[in-house]
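For reference, the structure discussed in these notes is given below.
The values are calculated or read from the model by the stated rules, or taken from the named source; none is laboratory data. The model shown is predicted, which means the values in this text are computed figures rather than measured ones. Methodologically, a virtual Cβ is constructed for each residue, glycine included, from the backbone with ideal geometry; neighbour enumeration extends over all protein chains shown. Calculation scope for accessible area: heavy atoms of the full protein, side chains included, ligands and nucleic acids excluded. Shrake-Rupley method; radii C 1.70, N 1.55, O 1.52, S 1.80 Å.
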Amino acid sequence: MAAITVSNMTKSYGEMKALQGITLAVAEGEFFGLLGPNGAGKSTLIRILTTLERPSSGEATVAGGRIGSQNHEIRKKIGVALQDTGVDPLMTGQEILVLAARLFGASSRIAFRRADELLERFQLTDAAHRIVRGYSGGMRRRLDLAVALVHEPDIIILDEPTTGLDPTNRLALWDLLRSLSRIEHKTILMTTQYLEEADALCERVVFVSRGKIVAEGTPTSLKHELGYTLIKFDVAAQEVKAAAACLESSDWSWHVSNSHFELVSQRPEEDVMVLHAQMSSLGIALTHLEMTPPSLDDVFMHLAAAETGMQSSRKEV
């Protein structure tokens, strides 16, 4: 059963078309990623699904309620954390959570109990009585997510949840989101600019460009559709020029950064043997040789090139 459905949705601001016929469905309990460049229409779609805006045309349902006519019912069933944290910097973490719970109809006793549960879960107990202005960026994002969960929603909608976080805090938030998805079976719809984040967390993703869906599938299937493998290797710093000259005379598409090479191959086993023979004949030793599938970043670059009609060469010295 679908937790979220969108059918032929459009949204225009004057002559600017932010969404152009978006259709998608998110299953109950699914971790779903909404990806694309800045200005693609992701945040516009999020604002519509969270009842903050109305579409120009088309239909959508969220948690069984129809956008536009059943917004009040929808808001009871969704938890939302947008790009900018929606917490008052002059209140304490506990005060914010209690207030949020009370606004959703909880009694004072239940609100305080729920606040304490969430403060413990998000490792904010020691900061419960500190004003939020003194929180770190990672603490604020954890508190923002805690507020989104205070009423135990069925669906969680996150717009760029880890933007601005350092790697440690980002990974900690990943663990929290995995727990919500895999243990509590929450439906999660997330936008992110970090494609490795979508690869690690999402069961299925769509790429949006210029208000349209241009690709949809699991991260694995989208990477597989590119139809190539990356051959990666290092050479000694003094051999970079010679290795690059060797590759320049080949038909391979490749890229070099410092002394690290990446080569695109449709026949990786055969190409590794040819590559090794050619480099060995020049006295160049290959180290850290590995074959890896493309990443979602490669999918993104492929889609971007297809959208603009441009061919992007990977050759670079």
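Can you tell me, using C-alpha contacts under 8 Å and at least 6 residues apart, the relative contact order of the chain as a whole percent?
Once divided by the residue count of the chain, the mean separation gives 19 percent.
Please go through the stretch 92-200 and write out the trypsin sites (Lys or Arg not before Pro) that DSSP classes as loop and that have at most 11 other C-beta atoms within 10 Å.
none
Please list log₁₀ I(q)/I(0) at q = 0.12, 0.18, 0.23 Å⁻¹ for the stretch 1-130, using the Debye equation with identical point scatterers on the alpha-carbon positions.
The Debye formula, applied to the Cα set alone, gives -0.60, -1.04, -1.30.
Rolling a 1.4 angstrom probe over the protein heavy atoms, how many square angstrom per residue are accessible across the stretch 129-236?
Accessible surface, normalised per residue, equals 41 Å².
Taking amide H atoms as placed 1.01 Å from N in the peptide plane, list the residues 5 or more away in sequence, or in a different chain, whose amide H sits under 5 Å from that of residue 187.
Answer set, sorted by chain and number: 29, 156.
So which of 42/77; 17/76; 42/186 end up more than 28 Å apart, counting from Cα to Cα? Could you put the intermediate results ahead of the total?
Values: 42/77 21 Å; 17/76 30 Å; 42/186 21 Å.
Correct reply: 17/76.
For the pair residue 72 and residue 174, what calculated FRET efficiency results from E = 1/(1 + (r/R0)^6), where r is the Cβ-Cβ distance and R0 = 35 Å, to the nearest 0.05?
Efficiency computed from Cβ-Cβ geometry: 0.60.
Equivalent ellipsoid semi-axes for the stretch 239-289, as square roots of 5 times the alpha carbon gyration tensor eigenvalues: give them largest first, rounded to whole Å.
Numbers: eigenvalues 46, 33, 24 Å².
Over the Cα atoms of the stretch 239-289, the ellipsoid semi-axes are 15, 13, 11 Å.
Lysines near residue 232 by alpha-carbon distance under 20 Å, same-chain residues fewer than 8 away left out - which ones?
223, 241, 315
Given points 7 Å out from each Cα along the Cα-Cβ axis, report the residue 113 to residue 59 separation in nanometres with one decimal.
4.0
Each residue of the stretch 213-225 in order: what ³J(HN,Hα) in whole Hz does its phi give by Karplus 6.51 cos²θ - 1.76 cosθ + 1.60, θ = phi - 60°, with x for Gly and Pro?
7, 10, 7, 8, x, 6, x, 5, 5, 5, 5, 5, 5
Using the beta-carbon distance between residue 166 and residue 83 and R0 = 22 Å, what value does 1/(1 + (r/R0)^6) give for FRET efficiency, to the nearest 0.05?
0.80
When the Cα atoms of the chain are enclosed in a convex hull and the volume is divided per residue, what value in Å³ results? Please list the in-between numbers first.
Working: hull volume 51.4 nm³, N = 317.
Cα-based convex hull of the chain, divided per residue, equals 162 Å³.
Starting at the first residue of the stretch 109-117, write each ³J(HN,Hα) from the Karplus equation 6.51 cos²θ - 1.76 cosθ + 1.60 with θ = phi - 60°, in whole Hz, x for Gly and Pro.
Those phi angles translate into 4, 5, 4, 5, 5, 5, 4, 5, 4 Hz.
Between helix 268-281 and the chain, what is the angle of the helix's C-alpha long axis to the longest principal axis, kept within 0 to 90° and rounded to the nearest 10?
Compared with the principal axis, the helix lies near 50 degrees.
Please list, in order, the residues from the stretch 41-85 whose amide nitrogen is less than 13 Å from a point placed 7 Å along the Cα→Cβ vector of residue 8.
57-60, by backbone N distance to the label point.
Before I look further, what does the stretch 1-90 give for accessible area per residue, probe 1.4 Å, in whole square angstrom?
48
Over every pair of different alpha-carbon atoms in the stretch 55-200, take the mean of 1/r and invert it; report that Kirkwood radius in Å.
Result for the stretch 55-200 stands at 16.0 Å.
Tally up the carbon and sulfur contribution to the accessible surface of the chain as a whole percent, 1.4 Å probe, everything protein left in place.
Carbon-and-sulfur percentage of accessible area, whole number: 51.
What FRET efficiency do you get for residue 280 and residue 216 if R0 is 45 Å and r is their Cβ-Cβ distance, rounded to the nearest 0.05?
0.55
Please list, by residue number, everything in the stretch 216-238 whose backbone N is under 12 Å from a paramagnetic label point 7 Å out along Cα→Cβ of residue 306.
In the stretch 216-238, the label zone of residue 306 (backbone N under 12 Å from the point 7 Å along Cα→Cβ) covers 216-217, 222-227.
Binned at 10 Å from 0, what are the whole-percent values of the Cα-Cα distance distribution for the stretch 187-317, short to long?
The calculated distribution, bin by bin, is 11, 38, 28, 18, 5, 0.
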